[in-house]
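Comments concern the structure below.
The values are calculated or read from the model by the stated rules, or taken from the named source; none is laboratory data. Everything numeric here is computed off the predicted structure, so don't read it as measured data. So basically every Cβ, Gly included, is an ideal-geometry build from the backbone, and we count neighbours across all protein chains shown. These accessible areas exclude ligands, DNA and RNA; they are computed on the full protein's heavy atoms, side chains included. Shrake-Rupley method; radii C 1.70, N 1.55, O 1.52, S 1.80 Å.
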Amino acid sequence: MSKFLDIEPTMPTLPAARKSARFFISYRSQDPDLSLAHNFYEALKAAGHEAFMAGESIRLGEKWPQRIDEELKLCDYFLLLLSERSATSEMVTEEVRQAKELRDGSDQHKPVILPIRVNFPWSTPLNYDLRGYLQQIQQREWNSPADTSRILQEIFSLLADGESARVGNWAIGELRDEQLFSPITPSYHPPLPVAEPELPEGQVDLASEFYIERPPIESRCYEAILQSGSLIRIKAPRQTGKTSLMARILYQASQQGYLTVPLSFQLADGRVFADLDKFLRWFCTSVGRRLKLPNQLERHWWDESDGSSKINCTAYFEEYLLAEIKQPLALGLDEVDLVFQYPEIAADFFGLLRAWHEDGKNQEIWRKLRLVVVHSTEVYIPFNFNQSPFNVGLPIALSDFSRQQVLDLALRHGLNWSYTQVEQLMAMLGGHPYLVRVALYYIARQDTTLDMLLETAPIETGLYSEHLRRHLWNLEQRPELAAAMMNVITNTNPVRLDSMQCFKLLSMGLLQQQGNDVTPRCDLYRQYFGDRLRVS
């Protein structure tokens with residue numbers, strides 16, 4: 001029996017539940033996560049609460065995507081076990097994303113997210129997505145069975161105190177700096193497959209021997225960011241390296257003495273997008289906070305009832321943020337696709353960015369601002385041509401890796417591969433940067449071989465099971481997208497889709513464009529989804 005199950009002597013006295021609460025336990029099915037999840041599951045049930053744990057709660061033959069989706073929508077508390085394994089799990093990351101989305105859209109702020117670091121030190125950084133989702137949420141630590149009792153007692157106190165506890169330290173308290181950010185150091189070992197680069201803070205070296213440049217993209221971006229009032233637009237599907245490139249652009253700017261602010265729209269609660277004024281207030285506050293400037297919104301913001309939100313935002317930058325700093329400011333805006341979902345805000349916000357870029361050509365104060373805008377695919381919102389920031393500046397489209405780049409990356413992993421082996425890998429994965437990186441990482445560790453990977457890649461027990469199941473989960477939540485994906489898969493020729501379906505599937509990184517038509521991004525997706533969506 002696992003040592004993690006031996007916790008009876010330290011279990012707290014279970015209080016009678018004043019009101020039954022529903023818990024969703026997110027974990028990886030390996031110890032210590034698995035045993036600890038069992039412990040919490042049994043303790044919560046014994047206390048009169050309802051608990052969902054996939055391994056215990058989903059019956060044989062039941063469709064897991066639908067069940068997980070239902071349980072997330074019903075739960076009051078999302079208990080997140082963050083271990084070294086779960087922190088690199090795409091399924092766990094997706095569960096956290098959906099829990100945060102549900103919480104942001106709920107008047108009752110449910111589910112409350114309760115993260116617990118399981119033998120996972122603060123010095124170990126989370127991947128880029130998890131960092132964004134958990135930015136304003138306190139985390140707890142579990143290092144031994146003795147901690148189980150303490151954490152359970154804290155959960156029961158949270159339940160007993162009810163709504164007031166939700167404003168306490170755990171649910172939405174401020175994180176300490178070491179809980180938010182970890183220092184960036186050069187990597188001299190193969191990085192974990194989902195170890196997204198940390199965004200630069202000050203003079204931080206982002207050198208990594210596993211970063212593959214795609215000339216002349218990097219050199220053009222490094223030149224552009226040093227030009228007054230510049231605007232760089234980075235477009236690519238998910239997991240292609242957009243954030244990696246943005247991090248390096250901002251680092252190059254910092255090396256020239258510029259101030260840098262990386263801002264991901266993942267960090268904004270759903271309510272921020274409710275109206276333009278609220279969104280622009282959040283935007284100004286977020287940039288000011290990263291610049292370590294006091295919040296002066298009340299002094300510079302006029303009454304928003306007269307529709308002056310854009311004027312207020314512009315004045316806040318012009319009269320306060322840019323006026324207070326002596327150096328140029330490189331502002332990196334990541335995940336701007338989230339704004340696309342709110343057309344009434346998007347048109348005004350992106351029009352504002354375009355106006356600032358134009359002002360940088362003839363107003364000294366705006367020459368300080370340099371913008372990097374990162375998004376997944378083509379913008380589907382119709383803009384006035386003269387107000388769109390997506391037809392000015394330096395456009396950067398990141399493509400998949402070439403055969404030479406995959407060979408280069410293999411050599412950096414210590415694999416003495418030939419072009420034949422590279423072509424075998426790319427026949428399955430294409431040049432998908434993330435999938436290729438995962439393959440080379442595990443082959444270099446001798447956890448698998450190329451032949452074994454190619455044989456097992458499209459099946460549920462293969463190396464990409466979590467990656468594929470995450471996409472399947474998202475597709476099955478959107479039947480129209482699943483049908484469109486199946487249409488593409490079952491055709492041997494490129495297919496033309498409805499523009500919105502095409503946009504969403506391209507944003508998910510599942511398709512690639514051929515003119516106005518699309519095909520599956522790689523054979524892995526064709527095989528896996530061809531099988532799983534047909535079953536569904």
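Length gained on full extension, Gln327 to Lys63, computed as 0.36 nm times the residue gap minus the Cα-Cα distance: 89.5 nm. Can you bin segment 416-486 into rounded, prolate or oblate? Criterion: square roots of the alpha carbon gyration tensor eigenvalues sorted a ≥ b ≥ c, rounded for a/c under 1.5, prolate for a/b above b/c, oblate for the rest. Judged from the Cα gyration tensor, segment 416-486 comes out prolate (a/c at least 1.5, a/b above b/c). Globularity index of segment 101-167 is 1.24 (Cα radius of gyration / 2.2 N^0.38 Å, N = number of residues). The HN-Hα couplings worked out from phi for segment 494-503 by the Karplus form 6.51 cos²θ - 1.76 cosθ + 1.60 (θ = phi - 60°) are x, 10, 9, 9, 3, 4, 6, 4, 4, 4 Hz, whole numbers, x standing for Gly and Pro. Extending 7 Å from the Cα toward the beta-carbon at both Ile365 and Arg238 defines two label points whose distance is 4.1 nm. For segment 370-463, the per residue solvent-accessible surface stands at 46 Å², with DNA, RNA and ligands left out and a 1.4 Å probe. For segment 253-332, a simple Cβ point-charge model (Lys and Arg +1, Asp and Glu -1, everything else neutral) yields a dipole of about 420 debye relative to the Cα centre. Sorting the segments 337-343, 31-37 by their mean number of nearby beta carbons within 10 angstrom, highest to lowest, gives 31-37, 337-343. The phi-based Karplus calculation (6.51 cos²θ - 1.76 cosθ + 1.60; θ = phi - 60°) puts the 3J(HN,Hα) values of segment 62-69 at 6, 6, 5, x, 5, 5, 4, 4 Hz, whole numbers, x for Gly and Pro. Solvent-accessible surface of segment 465-514, taken per residue with a 1.4 Å probe and all protein chains present: 43 Å².
Each of Met500 and Asn487 was given a label point 7 Å from its Cα along the Cα-to-Cβ line. The distance between the two points is 1.4 nm.
Averaged over all directions, how much area does the convex hull of the C-alpha atoms of segment 222-346 cover when projected, in nm²?
Mean shadow area of the hull around the Cα atoms is 8.2 nm².
Near the amide H of Gln512, within less than 5 Å, lie the amide hydrogens of Thr519, Arg521, all on another chain or at least 5 residues away, with H placed in the peptide plane.
A Förster radius of 51 Å combined with the Cβ-Cβ distance from Gln108 to Gln404 puts the calculated FRET efficiency at roughly 0.40.
Inter-part distance, segment 29-88 to segment 444-510, computed on C-alpha centroids, equals 25 Å. For Ala51, the residues whose modelled amide H falls within less than 5 Å of its own, excluding neighbours fewer than 5 places apart on the same chain, are Phe23. Mean sequence separation of contacting Cα pairs (under 8 Å, at least six apart), scaled by the length of segment 445-509, corresponds to a relative contact order of 17 percent. Sequence-ordered 3J(HN,Hα) estimates for segment 112-121 from the Karplus curve with 6.51, -1.76 and 1.60 and θ = phi - 60° stand at 6, 8, 10, x, 10, 7, 9, 6, 9, x Hz, glycine and proline given as x. Between amide H atoms placed 1.01 Å from N, distances below 5 Å from Ile396 occur with Arg233, Ile234, Lys235, all of them 5 or more places distant or on a separate chain. Quotient of the Cα radius of gyration of segment 366-488 and 2.2 N^0.38 Å, N being its number of residues: 1.41. Of the GluC sites (Glu not before Pro) found in segment 453-536, those in coil by DSSP whose Cβ has at most 16 other Cβ atoms within 10 Å are Glu460. Restricting segment 40-130 to trypsin sites (Lys or Arg not before Pro) that sit in a DSSP loop and have at most 13 other Cβ atoms within 10 Å of their own Cβ leaves Arg59, Lys63. Packing here is the average count of other Cβ atoms within 10 Å per residue, and on that basis the peptides 500-513, 320-333, highest first, run 500-513, 320-333. Placing unit charges on the Cβ atoms of the charged side chains and taking the dipole of segment 366-465 about its Cα centre, the candidate lying farthest along the positive direction among Gly430, Thr449, Ile396 is Ile396.
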